[in-house]
2 protein chains.
Amino acid sequence: MSLSMYGASVPVLRQGLQNLQTILTKAVEFADNKKVASDVMAASRLAIDMVPLSRQVQIACDTAKGCGARLAGVENPSVADEEKTLQELQHRVEKTLGFLSQLSPEQFVGSEDKAIQLNFPGITLNFKGQDYLQQFVLPNFYFHISTAYGILRHIGVDIGKKDYLGAIGGV
Amino acid sequence: MSLSMYGASVPVLRQGLQNLQTILTKAVEFADNKKVASDVMAASRLAIDMVPLSRQVQIACDTAKGCGARLAGVENPSVADEEKTLQELQHRVEKTLGFLSQLSPEQFVGSEDKAIQLNFPGITLNFKGQDYLQQFVLPNFYFHISTAYGILRHIGVDIGKKDYLGAIGGV
């Protein structure tokens, strides 16, 4: 086995998104039990000037989708950020998992040296593929999933590190 | 350039720890300005049943140190978890950076297939080196740094995504 850009991205992102689904499922159960509206949950924040749970999930999904598309060299499908409920967020995660599952290892060959440019309002970032994955994608991806987790823990949802990490290490 | 276990771990962990230092430095400034005791900051939590800022930093450091030691095949030095202030936590991060800087790429050759066993109370995890890095180390490392960030944002410390990501993409 040797390291590959595909192996360091797609399976890793898919596992993170599957764990996010687990966490969102427990959030749905919590909302049902507490009779809290799903959109109130999705609008929750850790700080008044941080984006809410819904946006944390959207950005995690977009980070994963953009990584797959840019490294594989396929079109990055635009997705509207319209989710207002936990169930809609789960659907967004599911769609992202579906997109990633269509990508093949062959499409990623050589992508470690590929020039990747990201344009944000007022700032342009330039990476080689490997740096894009390691310095931008993975830190951001885990940031938004961890923050989604933190928002739900702060609310009182019964989730733990095992939900965040998923089934690993043979257990 | 091709992917390597060293390149996918040590520089990535070092960058995350350097960004954590930036965040802790802003936390120190905040505490000074607000006349808040440093140990009160370090004891802050996102939820009553989550570990405090001090422990988030300790675990991030231990995750990075353990990764470096296990993949390089050197002794994993034991460090007591005694930090009570932000300044002591900064020192812990600095020590961890120093440990990682002593490791060389040659020590990591072949570590993607190396058997890694982690023993926790009541649970044993078994990985190949690459899975250990991708499924355990990086998700945990970013989780604890993101949670440290979330705790400080929740308190009101003036930090942003740029502090978390550091200098990347040529800017």
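The values are calculated or read from the model by the stated rules, or taken from the named source; none is laboratory data. Predicted model only: the values in this text are computed from it and were never measured. Positions of Cβ are backbone-derived with ideal geometry, glycine not excepted, and every protein chain shown enters the neighbour counts. The area values use the complete protein model at the heavy-atom level, side chains included, leaving out ligands, DNA and RNA. Shrake-Rupley method; radii C 1.70, N 1.55, O 1.52, S 1.80 Å.
Structure values in brief
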{"quantity": "Residues (in contact with a Leu (Cβ under 6 Å, 6 or more places away or on another chain) and more than 12 Å from residue A:99 (Cβ to Cβ)) located in segment A:55-66", "calculated": "A:57"}
{"quantity": "Residues of segment A:47-61 classified as touching a residue at least 60 places away in the same chain (Cβ under 8 Å) and out of contact with any Ser or Thr (no Cβ under 7 Å at 6 or more places or on another chain), total", "calculated": "4"}
{"quantity": "Meets criteria (within 11 Å of chain B (Cβ to nearest Cβ) and closer than 28 Å to residue B:44 by Cα) for residue A:45", "calculated": "yes"}
{"quantity": "Given (1) without any contact (Cβ under 8 Å) to a residue 60 or more places away in the chain; (2) closer than 30 Å to residue A:159 by Cα; (3) not hydrophobic (A, V, I, L, M, F, W, C), number of the condition residue B:44 does not satisfy", "calculated": "(1)"}
{"quantity": "Subset of segment A:44-60 (residues that are over 30 Å from residue B:111 (Cβ atoms) and either in a loop (DSSP other than H, G, I, E, B) or of a type in the set (Gly, Ala, Ser) (or both))", "calculated": "A:44, A:45, A:46, A:47, A:48, A:49, A:50, A:51, A:52, A:54"}
{"quantity": "Residues of segment B:1-33 classified as out of contact with any helix residue (DSSP H, G or I) (no Cβ under 9 Å at 6 or more places or on another chain) and either among the basic types (Lys, Arg) or within 14 Å of chain A (Cβ to nearest Cβ) (or both), total", "calculated": "0"}
{"quantity": "Hits in segment B:138-171 - residues which are of a type in the set (Val, Ile, Thr), under 16 Å from residue A:135 (Cβ atoms) and buried (at least 18 other Cβ atoms within 10 Å of the Cβ)", "calculated": "B:145, B:168"}
{"quantity": "Complete set of residues in segment A:111-127 that are touching a residue at least 12 places away in the same chain (Cβ under 8 Å) and either of a type in the set (A, V, I, L, M, F, W, C) or surrounded by fewer than 14 Cβ atoms within 10 Å (Cβ to Cβ) (or both)", "calculated": "A:113, A:115, A:116, A:118, A:127"}
{"quantity": "Of all residues in segment A:14-43 being in a helix (DSSP H, G or I) and among the charged types (D, E, K, R), the one that is most open to solvent (accessible area, probe 1.4 Å)", "calculated": "A:34"}
{"quantity": "Single unsatisfied condition, residue A:63 versus (1) under 24 Å from residue B:140 (Cβ atoms); (2) surrounded by fewer than 18 Cβ atoms within 10 Å (Cβ to Cβ)", "calculated": "(2)"}
{"quantity": "In segment B:78-110, the residues that are open to solvent by less than 60 Å² (accessible area, probe 1.4 Å) and either closer than 19 Å to residue B:19 by Cβ or at pLDDT below 95 (or both)", "calculated": "B:83, B:86, B:89, B:90, B:92, B:93, B:96, B:97, B:98, B:99, B:100"}
